[in-house]
Amino acid sequence: SRILGPSDFIPPMPSTNCGTNVNTSPCFGSIEVTATGGTLAGTAIEYRVGQSPAKEVQSAAMFTSNDAAQTLFCPTIKASYTPAQNRTTGMTVANVTSNPVTVNVVFTVSIGPGGAGTQYNSSAIIPAKSSVNFSKFDGNLGGMPDGTLASAKVTSSAPNSIIAVVNESNFGGDPIKSTTYTCFSEQSATQKVAAPLVKK
């Protein structure tokens, strides 16, 4: 295996003058890795620099070419959802094609001020090989209020064009606790699902 970090690329990914909007920041983006021979598998790992031991480590399997879809489902979206330690998510959607796509997002509330079943809508044009983050901090959750737990359905204007992950943290907590999960393609949905590990 080989470990690659933001400084290993040419040019290196910047870490200064990042700005406050991740969707225009040069310090935020997506990555595509292509093998010149054989096949690949990979994991994306996020951690806080300078912590020893590391208290925040998030990991998600990288996507294969077969994982891209036109419709994705992300089961957990949060906006300052206070019963769970003020948890907030960012949903990052990447366009894996060589052309811009338009994505439409429907957030459906499970618990929140608007009541179960309330829907909020958002959209974005994602350039080729780029990504867009949806979160309360970016103001693109369609007006979803704080204290909301919801799910997301993401639909692209092109087939087999998008992948997505959700990054969750208890911002303002001490210590900060974070997790990352991948969203699911419509074609991967089945009548039965299984969880290999359950704990109480």
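Tabulated data
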quantity	calculated
Which numbered condition Pro12 fails, given (1) in contact with a helix residue (DSSP H, G or I) (Cβ under 7 Å, 6 or more places away or on another chain); (2) surrounded by 14 or more Cβ atoms within 10 Å (Cβ to Cβ)	(2)
Any hit, the range 99-107, residues being of a type outside the set (A, V, I, L, M, F, W, C) and surrounded by 16 or more Cβ atoms within 10 Å (Cβ to Cβ)	no
Filter result (outside any loop (DSSP other than H, G, I, E, B) and touching a Pro at 6+ places or on another chain (Cβ under 8 Å)) within the range 1-56	Pro6
Filter result for the condition that a residue is touching a helix residue (DSSP H, G or I) at 6+ places or on another chain (Cβ under 7 Å), closer than 24 Å to Pro127 by Cβ and of a type in the set (A, V, I, L, M, F, W, C), over Val22, Val33	Val22
Pair list, Cβ < 9 Å and 6+ apart or interchain, from the range 4-15 residues that are of a type outside the set (Lys, Arg) to residues that are assigned to a helix (DSSP H, G or I)	Pro12/Pro6; Met13/Pro6; Met13/Ser7; Pro14/Pro6; Ser15/Pro6; Ser15/Ser7
Wholly within the range 83-200, strands (runs of 3 or more DSSP E) carrying at least 2 residues that are modelled with pLDDT of 95 or more	88-95, 101-111, 119-126, 131-135, 148-156, 162-169
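The values are calculated or read from the model by the stated rules, or taken from the named source; none is laboratory data. What you are looking at is a predicted structure, and each value in this text was computed from that prediction instead of being measured. Neighbour counts run over all protein chains shown; Cβ positions are idealised from the backbone, glycine included.
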